[in-house]
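The values are calculated or read from the model by the stated rules, or taken from the named source; none is laboratory data. Keep in mind the model is a prediction, meaning the values are calculated, not measured. Every residue, glycine as well, gets a Cβ built from its backbone with ideal geometry; the counts of neighbours run over all protein chains shown. Accessible surface areas use protein heavy atoms only, side chains included; no ligands, DNA or RNA. Shrake-Rupley method; radii C 1.70, N 1.55, O 1.52, S 1.80 Å.
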Amino acid sequence: MCAVVSQLKTVRLRALRSAQKFGVAGRSCQELLRKGCLRFQLPVQGSRLCLYEDGTEVTEDYFPGLPDDAELVLLTEGQTWQGYVSDISRFLSMFHEAQAGVIEAARQLLSGERAPLRQKLLADLLHTVSQNIEAETRAQDPPWFEGLESRFRNKSGYLRYSCESRIRSYLREVSSCSRVLGAEAREEYLRILGAMCQRLRSAQYNGSYFDRGAEAGSRLCTREGWFSCQAHPRFWLGHLLTARGASFHMGSGGWSSDAVRGPFDLDSCASKHSINPYSNRESRVLFSTWNLDHIIEKKRTIVPTLAEAIQEQGGREVDWEYFYSLLFTSENLKLVHIACHKKTTHKLECDPGRIYRSQKRPKRRRPARKCQ
């Protein structure tokens with residue numbers, strides 16, 4: 001039995017399967033429990049009260065210290081509550097059901113929520129699940145296209161254009177560097193650049209990276225349009241160790257090395273950044289702040305290495321396809337959230353074994369055999 005106290009306590013009470021909250025007042029937890037069961041039409045026998053925040057059960061000893069306006073959950077026999085995590089788990093499980101139920105539940109919770117942090121979490125959840133992600137055309141989702149030119153008739157087309165624009169800007173940067181070279185080297189540099197331009201045109205400037213309608217191997221998102229931050233420390237580790245000449249191997253637990261420890265021992269972006277620019281106008285705008293980051297840096301490393309290779313080729317043939325892959329493809333481009341974009345010097349070098357094409361040695365002819 002719960003202890004009776006003289007001071008009246010008012011709490012906000014909800015049942016496990018209901019998003020509605022009711023104000024209930026009582027001088028004992030037994031009185032609160034009885035009124036709560038009456039309100040939600042639940043049996044008193046076997047029911048109990050616990051804190052919404054962390055699932056602590058309100059017992060005889062705990063009730064006197066219960067603050068006014070505390071939020072409680074009413075549980076019937078066999079039910080459990082683990083605090084915030086229970087709400088999160090319940091919401092996630094509802095994603096596999098009709099979305100209308102998720103939206104309505106979130107709206108009801110938000111309407112009675114007072115804590116700023118939980119207000120934001122609920123508002124963000126409501127903002128995410130109520131988007132028109134499946135819509136593709138301007139007619140299906142007019143707000144998404146606000147501020148865009150009328151020539152863009154579908155979302156995939158605009159995002160493909162957005163990716164192409166980024167790649168074209170990289171090409172302009174690479175092209176501008178030809179001015180610092182001598183006449184002979186500049187001619188070879190522009191010849192190689194021309195070959196890269198032709199490859200880019202045939203690949204449509206790799207615009208498929210942002211196109212959710214593209215083949216799985218040529219896009220960076222899911223079929224629904226979700227992008228995840230590709231700031232993978234283990235990927236950086238492989239390049240870093242190669243650049244330093246350190247030994248490493250890939251085991252069942254991942255990269256291991258005597259040269260580097262600690263912060264590289266992660267599987268993916270620590271903050272689990274993700275975004276769906278197809279969902280709404282705000283996400284489309286925010287997506288423009290994500291970076292297609294060169295792991296081996298473009299202006300500090302790749303372009304100077306290419307220029308040096310041309311000047312010192314001495315009859316060798318520069319492997320322009322290798323430099324093309326570093327400058328314009330996902331072999332060296334990783335999509336990262338702005339907070340994960342490393343603006344410091346990466347200190348990574350091009351692979352010296354791939355700068356020039358390997359020269360094939362002419363086969364020696366065997367002497368003709370004399371007829372017996």
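What pairs can you find where one residue is in the range 126-144 and within 22 Å of residue 107 (Cβ to Cβ), the other is at pLDDT below 85 and open to solvent by 70 Å² or more (accessible area, probe 1.4 Å), and their Cβ atoms are less than 7 Å apart, with a gap of 6+ or different chains? Hits for this filter: 126/107; 129/99. None of 205, 278 is in a loop (DSSP other than H, G, I, E, B), modelled with pLDDT of 80 or more, touching a helix residue (DSSP H, G or I) at 6+ places or on another chain (Cβ under 6 Å) and not hydrophobic (A, V, I, L, M, F, W, C) except 278. Taking the criterion of being open to solvent by 20 Å² or more (accessible area, probe 1.4 Å) and either aliphatic (A, V, I, L, M) or not assigned by the TED database to the domain that holds residue 169 (or both), no residue of the range 293-306 qualifies. The residues listed here are 316, 364; of these, the one that is outside the structural domain of residue 173 (by the TED database) and modelled with pLDDT under 95 is 364. Note on the range 307-324: among residues that are among the small types (Gly, Ala, Ser) and open to solvent by less than 40 Å² (accessible area, probe 1.4 Å), the one that is farthest from residue 187 (Cα to Cα) is 309. Scanning the range 39-54 for residues that are under 42 Å from the mean Cα position of the chain (by Cα) and in a loop (DSSP other than H, G, I, E, B) yields 52, 53, 54. Within the range 325-341, the set of residues being in contact with a helix residue (DSSP H, G or I) (Cβ under 6 Å, 6 or more places away or on another chain), surrounded by fewer than 20 Cβ atoms within 10 Å (Cβ to Cβ) and within 26 Å of residue 179 (Cβ to Cβ) is empty.
Does residue 161 satisfy the condition of being in contact (Cβ under 8 Å) with a residue 24 or more places away in the chain and open to solvent by 70 Å² or more (accessible area, probe 1.4 Å)? Yes, satisfied. Assess whether residue 81 counts as being in a helix (DSSP H, G or I), modelled with pLDDT of 85 or more and among the hydrophobic types (A, V, I, L, M, F, W, C). Answer is no for this residue. Is it the case that the range 164-177 has a residue that's open to solvent by 30 Å² or more (accessible area, probe 1.4 Å), out of contact with any helix residue (DSSP H, G or I) (no Cβ under 9 Å at 6 or more places or on another chain), closer than 29 Å to residue 297 by Cα and small (Gly, Ala, Ser)? Within the range 164-177, one or more residues are open to solvent by 30 Å² or more (accessible area, probe 1.4 Å), out of contact with any helix residue (DSSP H, G or I) (no Cβ under 9 Å at 6 or more places or on another chain), closer than 29 Å to residue 297 by Cα and small (Gly, Ala, Ser). It is to be established whether one or more residues within the range 342-360 are at pLDDT below 65, assigned to a loop (DSSP other than H, G, I, E, B) and farther than 27 Å from residue 206 by Cα. For the range 342-360, residues at pLDDT below 65, assigned to a loop (DSSP other than H, G, I, E, B) and farther than 27 Å from residue 206 by Cα: absent.
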